[in-house]
Structure formats: structure tokens, C-alpha cells
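The values are calculated or read from the model by the stated rules, or taken from the named source; none is laboratory data. Quick caveat: nothing in here was measured; it's all calculated off a predicted structure. Neighbour counts run over all protein chains shown; Cβ positions are idealised from the backbone, glycine included. All accessible areas refer to the heavy atoms of the entire protein, side chains included, with ligands and DNA or RNA removed. Shrake-Rupley method; radii C 1.70, N 1.55, O 1.52, S 1.80 Å.
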There are 2 protein chains.
Amino acid sequence: MADKITPRSEDYAQWYVDVVRAARLAEYSPVRGSMIIPPNGYELWENMRDGLDGMFKATGHRNAYFPLLIPISFFAREADHVDGFAKECAVVTHHRLMVDADGELIVDPEAKLEEPLVVRPTSETIIWDTYSKWIQSWRDLPILINQWANVVRWEMRTRLFLRTSEFLWQEGHTAHATEEEAVEETRKMLDVYTTFAEEWMAMPVIRGLKTAAERFAGAVDTYCIEALMQDGKSLQAGTSHFLGQNFAKAFDCTFQNRNNELEYVWATSWGVSTRLIGALVMTHGDDKGIVLPPKLAPTQVVLVPILRKDGNEAVLEAARKIEQMLRDAGIRVFLDDREQYRPGWKFTEYEVQGVPIRLALGPRDIENGVVELVRRDSGEKQSVATEGLVETIRKTLDAVQQGLFDRAKAFREVHTNTADDYETFQRIIEEEGGFVLMHWDGTAETEARIKEETKATIRCLPFPGQFEGTEEPGVDPVSGQPSKGRVVFARAY
Amino acid sequence: MADKITPRSEDYAQWYVDVVRAARLAEYSPVRGSMIIPPNGYELWENMRDGLDGMFKATGHRNAYFPLLIPISFFAREADHVDGFAKECAVVTHHRLMVDADGELIVDPEAKLEEPLVVRPTSETIIWDTYSKWIQSWRDLPILINQWANVVRWEMRTRLFLRTSEFLWQEGHTAHATEEEAVEETRKMLDVYTTFAEEWMAMPVIRGLKTAAERFAGAVDTYCIEALMQDGKSLQAGTSHFLGQNFAKAFDCTFQNRNNELEYVWATSWGVSTRLIGALVMTHGDDKGIVLPPKLAPTQVVLVPILRKDGNEAVLEAARKIEQMLRDAGIRVFLDDREQYRPGWKFTEYEVQGVPIRLALGPRDIENGVVELVRRDSGEKQSVATEGLVETIRKTLDAVQQGLFDRAKAFREVHTNTADDYETFQRIIEEEGGFVLMHWDGTAETEARIKEETKATIRCLPFPGQFEGTEEPGVDPVSGQPSKGRVVFARAY
């Protein structure tokens, strides 16, 4: 029996928790802020990983692995970096447990580490320490490495996928001989993330630059993609950082350039995480459950045979034939022939889990050479011919993929507004949510004041060409000071 | 320039370290006992992971993810388990760093956790805590889950891949309604490991049961595969544990059986780790470097164009054609057309890295419609026709894969001896190494005495049919007591 799902209109936050649980994507663990990712959630992550990994490799990157535990002295080397992460570090201080006189299992006080180790919240420090040993000459550059790993950032208030103490992610770390090349890499990886978000996740994103206040700790520039969730809040879905020579200087990583001069290496880092699963849920989900884009769905088609008291063998045989036919065509199909559950129960189950297409097959259908097809995104039901089914399924999967993107994009367009005065801005943020384009004077003071008064932050300084008129100069309505252009505000996850 | 490699005959341990470093499979990190796995090593692990993962999925398992940090109270629940792991746990005690009055970055004493957390050394405890919530009825069984993860076991003496504080692995954790089914699963996964070791790694293994002294902490029975390294030492390459109801009892995990009775759930766990990379190196490597079995080699064929001062375009064009042809045939080929390195340098480099086949192509070869082919395993060099090259490469890759297995198996046969008296046993262990089959009385006392006196341990009680006569009863020559059969002794990694 499916768990109850609170309607979105009633309580969006509760809907999110209900859906994530009912679809068995994740659950809280006994360790505060950590989550358990059951197979349904993990297989979705595997598909995301494989999709991204293919793109990383196609752009010349190779995977590697660096240690989980990092000496705290490494963090001390880059001032902004330590400021950003010191408050949320899980720290290993001992290497042994023991049973005390009362028979209790305790931390062995004799086994204290000489230097405490931090469970990586991100790996710039350990990686730049390594690169300083790997790099001597321009011939050693560029280094284009990515790591798939778990990281820990101690969080007091957590939400499944969106903000958890431990999460899974990838972190790219590249080293370059020139500033120009490093900036180009930063932008290129933002392009990769954009493609992934829009073409795989069917989730339209805005691309732009973060303000200094929202920048990664240790970066010169942070680029981001931002997606709009159904409740009108923005979600940062991926970031790509131009690190300048900050980490190279902190770890004394120099190289001999082509003119035999010693220079500091230029750096980038970029990452996306299991947070994307939360974004996916909140972009496409509805009151019945999650809705998965076909390109990422672990099961693209579920096939439910309608079994009666007798004559089931013919139905099962026909179902197995269809299953085989679809599988041979490279479609991820699952035949749910379990007899202990009724078809209606299964229908609900796969709706909750967001399987893009459901096929049902009964004795009458076989006689007529058809199968019942239901699209998860629209609920549309049709009877389609078994002959040519592969082609029908392929087209339908494409249509669902495109349909989800179009719907999300239309939603975003409706929920993107322009404000010319602060009152209108405040009203929109409070009542409608969504993105608001408004002039900003470029100061941290105004940015902080707006955040304080409206809980809206500058999501990004958008790249040109995404919205009309954002590049035109004007006046910041909050401070009355000149503005170079409109920026994107929203409340955010 | 390739790093110097100590010959195996001179110092096997040093050879191992040299080869792992020269082939850029791994290096030590600044954190004691942790390693960095550069792309060459990590891509090998990716191929191992993908090979195993395919077999796990084909046997009905799904991947999931459980938290890295485990409350210490969980460990206290299973007595043997805590005994086995308490001495090697990395313990998180704080969740914040701070800058002290002297400007030093320190652990914030105010941020002490209420309950210390252990960085998982293995996940039975957190997983069985979870299963106790997931399982109510026989309908919820079996649960067949695998996790790919990093684990930490604090080690004082470490060796790259073989024994490191942090390593990567997979851990399967399954839950069953009956003892019979759980035992069957334990054996089935040992079969999977055997197939992987022999057919993918080209590494013959002995299969058997561990003695109580060598059993996993918390298991009823531990099955293992053991491989013989070139220095005559055994290496445990994979283990599969029948856990009985131990963890179910510790975490109160019961289910309603078909007769509506409450029963404890039956469990298994099984794992292999990055240790396999060490095993691979020590099974096939030679004084020139590592030797990779084609099924796992990230690069199966390297193609080196012989470039002169001029006329290179024709060579490069022909090389690119060959590259494309092989790639289209699904062969993992790499064209090394870098001009800053000479062909001789490249030849050495790919020898060190163990690429199974090297092709070289010069202007003369193009005229003659041939390409030079060198097998890494034998060093055999031949001129082969470009026409039909795909077929030649395929056959050669198969021949290398089979050849490596045959060679390792022949080595093992030569280094497997039978001893009927303790003096002979001691002499073989000391002078020749390898596996020694000897009667054992089944007592921990005799086992401990032999270990103490010879450093040899019982690697396993071999499954029947692997060696002649191991099932026949006899007399333990050490104790003079009756023995049910011969067991496999060796010094081990």
C-alpha cells in the first residue's frame, strides 16, 4: 500500500518529504543529517552519474580518487576556504575504541591522533597538495581530473537530498598553464552541467555568475546554474569555480612555463551532487508522486499483466514476449508479474515511483493485438498496437522527455517577473515567488539588505541573451544608485 | 622517463612498490595509511567495478547507499563484531573547527558530539538497523543489496592497495527467510568472485572455508577465494560470509513467516576491495612493469606512430584510420601521437603500464600494408597485416587473457605441495613458499602453534575436488591427533 502523499497545494515541504519517502528515494538515518539511499534513489543517481561521466570523459577528463581524511593544517592554508568550511567539519580525533571498566564501549583516550583529520567537505586542499608534487613543467599541464565521492558538511537543519550532512557528488579539479585556459574550462563545465540539466533532467536552468557573497570559499569567480522549483523557490543545481591561483599559492604549486619562468598554476573546480535528485523531484513531481524523465528513469516502461483466476499463462507469455522485444531494443523495461499484488496496487505503485510509461495487458488486449499505454506525465491513456510497439514506445519516451522540459520551461516563464520598484519586488517575492529581475547597484550592502528584508538572494548575474534587457544599465530601486544591469533574485533552497 | 624498477629476484616487496608507482596506479598521501589513486589505477578499478556490478545485477542484486558515519552504540550490539573492529576505528568526536587566540586552527571544544561516530569499517551494523525497519513479513524477503563505498580501518603498517587505512570496496548485504537460502546466497557470491578472479583477472583461486580464527567478526562461516602471488605468499582475494541470525538478533530484525510465526532474519555479507589491484599486480607483473589482462585493461591496445622529420602526415593519417577501425570494433585503443616524446620512450612507458598490445606504425609499414604488433605478456614481436587487423587483435587479446591465466595456474601448480610431516612442512614454507596441503586436527591450538612457529596460516579448508586427496582422513603431524582431511597452509598478505 502506497504511503499517503500530502497535496502540494496544502504543504509543499511536506509533499516533498512524502514523495521522496513513498517513492523510496531516500530516508533519514539514525545519524543526524545523514540519509539512506535505497535502490530506487541510488539507481537514479547511477544514471545521473553515468550520464555526466560520459560527458566528462568526452571533454577529456579522467577519474581519480583522493583520501577521505584531510589534516586540519591543510585547511588553514587558504584563508577564505577555511572560513567557509571550518564551521561544518566532521573531525576525526581518535583511531580506536575500547571497552571501559563498566563494560561500555568508549573512545580510547590513549588513541588520540597527533593531528586531527577532517572528513572532506570538498577536496581542493588535498588535491592541490598532490598537484604541487605532480606538476613541474608546462608539459605536465593541463591536469583534467574528476572524482566521484562522498563528502560531509555538518548541517544543523537538514532535508533529504537538498541539505544533508553526508552527500554523494562529483568534484572536478583541473590545473592549467594560463588564466585564459582555466576560465575557458570553468565555462565549458558549466555548459556540460547546462546540457545535463536541460537534456537529461528536462530541467531548464538560468546560467550566470555568483556575487561575492554567494561565491565558493576560495574562488575568484563562481558560475552557476539555477533552476526554478514548483513552489517558486530557486535551487542552485551546479557550480563551476574559477579558482585563479589561490590554491596554487596556498600549496606552493608552481610550474616552469615555456619561457623557463616559474609561475603559479591556474585552477578550476566544479561539482554537482545528489541534491540534483531533490531538484528533479521538485521540478516534475505531482500529487501522485514523482515523475521521472525517460533518459534518467531506471525503469522506463513497466508492464503489468492483468491476471485472472485462469488463462493467465497466455497473458504471461504475451507479456514476456513484449518485455523481451522492448529489452532487445535497449528500452529499460520491467515486467511486474508478481501474483501477490493486484494490478490496481501496481498502477499506484509505479505512479508514485514516476515510471514514465505503464503498459497493461489483459486477455482481451491479446485478442485485439493491442496493449494499454498510460503516460505518467499526462495520465493520458490509449490502446496501442502490439505491432510496431517499439517505435511507439520510443516516440512516447521522447515526447515525455520533451514534454517535461516544455512544461517546466513554461512554468518558469510565467514565474519570471521584472520589478522596477522595491515595493513591487517585495510583493512578488512574498506573494508569487519565482525569479525577479531587478536592477542592483553591485554593492554587498544592498544585497544584504534585500536578503534581510525579503529572504530573497541574488541567484546570479545572468549571462547575456537569456532575458530581454538584463544588460541595460539603470537605477537600483533600493539604493537609488546606478546599476549596470538587472540581476536574478529569488528565495532559494 | 620511467622510474627505476627493482628486479623481483632482488627484493620482491620493493619491486611491488616500484611497479605500483611507476605505472601510476597509486601513491601514499600525507595522511598516514591513505592512498591517492591516480587515473591509471582508478580506471582499472572502474573496470573491475563494472565487471562485478554486471554480475551482481545479473544475480538479482541492486545497489544502494548507507551512511559513512555510524554511532558507536551500534557497534556495541554484536559482541564478536566489536571485538574485531574496535581497535581500528577512525572516530569522529567533533563537528566544528575554530581559530584560537593564537590564530591557530583547532578543533572547537564546544562542538563535541553527544555520541561519537565511527567512520564505517564495514556496514553490517547500520544496514541491519535499517533492515529491521524495512522487514516485517516474508513478503519483504529476500533483500539483495550491494553498496560501492569507501571504508576506513586504521592500520599501523600499510602497503599500497594491500593494506591501507582507507580503501574502496563493494559490500553485499542480503536478508533471507531461511538458513538454506542464505547459505546458498553465500556460496553463489563466492562463485561470482571466482568467475571474476579467473575469467576477468586471469587469476586462479582456491575456494574454501575459513577456520574460526580467520573468520569475519560476527560471521557463522566465512568462505574465501585465495590466490597465490609470485613470491609464494597467498592473498585473500574475496570473502563471502554466512552471518546466520547474529546481526538480526543484535538489531532485533524479525519477520512473520508463512505460518504467521515471528522469526529472526538470516543474513549474508560479501566483499572485494581495491586490494584486488594489488593481487593483479603481483599475479602478472614482471621486471618491466605491470601486465594487465585485456578484459580489465583501460587501454587494450596502444598505437605508436613512428614519426620522422618529415612525411609524418601520412603516418598519422594511417594511424588515425587504424585507431578508428579498432574503436569501432569496441576495442579500447589509444593513439599516442604526442610529438614531444620519442617512440622508444613510449614503448617503455606502456610496458610499465602493462598495456596488453602495442602497435607501432612507420612509413615502411604503410607501404607494406602491415603494422608491428608486440604482446606485453610474452614480448613476442610480429608484423601483421593491416587488413583483418581487428580480427588479429581480438584473437591476440583472447590469447593474452588465456595465456596469463594458464601461466598463473601453472605457477600455482608448481608451488602447491603436500607435506606429511611437520619438518617437511616447515622446510617448504621457509624455502619455497606456496601452498602446502597438510592434515590438521581441527583445533585452534594446533593452528596457533603452526602460525607462531612458521608464520603460515590456514588459508582455507578447501572445497572438495580442487586437490587430490584433501578429503581423505589422516593424522595431524604436528599434534598426532586425527584429521578429517588436508587443509591449505601458506604465508599470506
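Other residues whose C-beta falls under 12 angstrom from the C-beta of B:Tyr131 contribute a net charge of -3, scoring Lys and Arg +1 and Asp and Glu -1. A crude spin-label estimate for the pair B:Ala213 and B:Lys395, with each label 7 Å from Cα along the Cβ direction, gives 5.2 nm.
By the helix-only formula, in which each DSSP H run with n ≥ 4 contributes -39500 (n - 2.57) and the sum is divided by residues, chain A has a 222 nm mean residue ellipticity of -10000 deg cm²/dmol. Picking from B:Ala90, A:Ala456, A:Val488, whose Cα lies most toward the positive end of the charge dipole for the protein assembly as shown (charges on Cβ: Lys, Arg +1; Asp, Glu -1)? Farthest along the dipole direction, towards plus: A:Val488.
What is the mean number of Cβ atoms from other protein chains located within 10 Å of the Cβ atom of each residue in peptide A:74-87, rounded to a whole number? The partial results should precede the final answer.
Numbers: counts 3, 2, 6, 1, 0, 0, 0, 0, 3, 1, 0, 1, 7, 6.
For this peptide, the per-residue mean of nearby foreign Cβ atoms is 2.
Please give the charge dipole size of chain B, origin at the Cα centre, charges +1 on K and R Cβ atoms and -1 on D and E Cβ atoms. Round to the nearest 20 debye. If you can, show how the numbers build up before the last one.
Details: 57 positive and 78 negative charges, 198 e Å.
For this selection, approximately 940 debye.
With all protein chains present, how much of the accessible area of region B:319-424 (probe radius 1.4 Å) comes from carbon and sulfur, to the nearest whole percent?
Numbers: 2570 of 5560 Å².
Its accessible area is 46 percent carbon and sulfur atoms.
When each of the peptides B:278-284, B:103-109 is scored by how many other beta carbons lie within 10 Å of its residues on average, the order from highest to lowest is B:278-284, B:103-109. Work out, step by step, the length gained on full extension between B:Asp328 and B:Met98: first 0.36 nm times the residue separation, then minus their alpha carbon distance; give nm to one decimal. Once the chain is fully extended between B:Asp328 and B:Met98, it gains 77.2 nm.
How much net charge surrounds A:Arg32 when only other residues with a Cβ under 15 Å from its Cβ are counted (Lys, Arg +1; Asp, Glu -1)? Let's see the in-between values first.
On the way: positive: A:Arg153, A:Arg157, A:Arg159, A:Arg163, B:Arg96, B:Lys112; negative: A:Glu27, A:Glu88, A:Glu155, A:Glu166, B:Glu114, B:Glu115, B:Asp129.
For residues surrounding A:Arg32, the net value is -1.
A cut-off of 5 Å between modelled amide H atoms, ignoring neighbours fewer than 5 places along the same chain, links B:Val272 with B:Gln170. Take each residue in B:21-34, count the other chain C-beta atoms within 10 Å of its C-beta, and the mean is 4.
Tell me the GluC sites (Glu not before Pro) within region A:181-275 that lie in a loop according to DSSP and have at most 10 other beta-carbon atoms within 10 Å. Let's see the in-between values first.
Working: sites: A:Glu181, A:Glu184, A:Glu185, A:Glu198, A:Glu199, A:Glu214, A:Glu226, A:Glu261, A:Glu263; in loops: A:Glu261.
Within region A:181-275, the qualifying GluC sites (Glu not before Pro) (loop, at most 10 other Cβ atoms within 10 Å) are A:Glu261.
Distances between copies of A:Glu339, taken at a point 7 Å out from Cα along the Cα→Cβ vector and listed shortest first: 7.3 nm.
Solvent-accessible area per residue for region A:198-280 at a 1.4 Å probe radius, Å²? Display every interim value, and only then the final one.
On the way: 2470 Å² over 83 residues.
Using a 1.4 Å probe on heavy atoms only, each residue of region A:198-280 averages 30 Å².
Local charge for A:Asp108 was computed over the other residues whose Cβ lies under 10 Å away, with Lys and Arg +1 and Asp and Glu -1, and equals +1. Given 37 °C and 0.692 mPa s, how large is the Stokes-Einstein diffusion coefficient of the protein assembly as shown in µm²/s, with Rh as the Kirkwood radius over Cα pairs? Diffusion coefficient, whole number: 105 µm²/s.
Rounded to two decimals, what ratio of Rg to Rh does region B:12-284 give with C-alpha atoms and a Kirkwood Rh?
Values: Rg = 20.0 Å, Rh = 20.0 Å.
Result for region B:12-284 is an Rg/Rh of 1.00.
Sorted from closest to farthest, the other copies place their A:Glu367 label points 7.9 nm away, with each point set 7 Å from Cα along Cα→Cβ.
Please get the size of the charge dipole for the protein assembly as shown, origin at its Cα centre, with Cβ charges of +1 on Lys and Arg and -1 on Asp and Glu, quoted in debye to the nearest 20. Mind dumping the intermediate values first?
Working: 114 positive and 156 negative charges, 256 e Å.
Once rounded to the nearest 20, the dipole reads 1240 debye.
For region B:333-448, relative contact order (Cα pairs under 8 Å, six or more residues apart, normalised by length) works out to 13 percent.
Counting each pair of different Cα atoms once, what's the Kirkwood radius of region A:149-201 in Å, rounded to one decimal?
Numbers: mean 1/r = 0.0737 Å⁻¹.
13.6 Å is the Kirkwood radius here.
Peptide A:146-159 has a mean of 2 when you count, residue by residue, the C-beta atoms of other protein chains within 10 Å of its C-beta.
Sorting B:38-50, B:318-330 by their mean Cβ neighbour count within 10 Å, with the most densely packed peptide first, gives B:38-50, B:318-330. Label point of B:Asn312 (7 Å along Cα→beta-carbon): distances to the other copies' equivalent points are 7.0 nm, sorted ascending. A 1.4 Å probe run over the protein chains yields, for region A:301-403, 51 Å² of accessible area per residue, whole-number rounding. Projecting the Cα atoms of B:Thr424, B:Gln401, B:Val355 onto the charge dipole of region B:351-430 (Cβ charges, centred on the Cα centre) puts B:Val355 farthest toward the positive pole. Any aspartates and glutamates with Cα under 18 Å of the B:Lys288 Cα? List them, leaving off those in the same chain fewer than 8 positions away. Cα-Cα hits under 18 Å: B:Asp3, B:Glu10, B:Asp11, B:Asp18, B:Asp231, B:Glu349, B:Glu351, B:Asp377, B:Glu380.
Basic side chains Lys and Arg get +1 at the Cβ, acidic Asp and Glu get -1 at the Cβ, and with that the dipole of region B:416-490 about its Cα centre reaches some 260 debye.
Across chain B, C-alpha contacts under 8 Å between residues 6 or more apart give a mean separation that, scaled by the residue count, equals a relative contact order of 14 percent.
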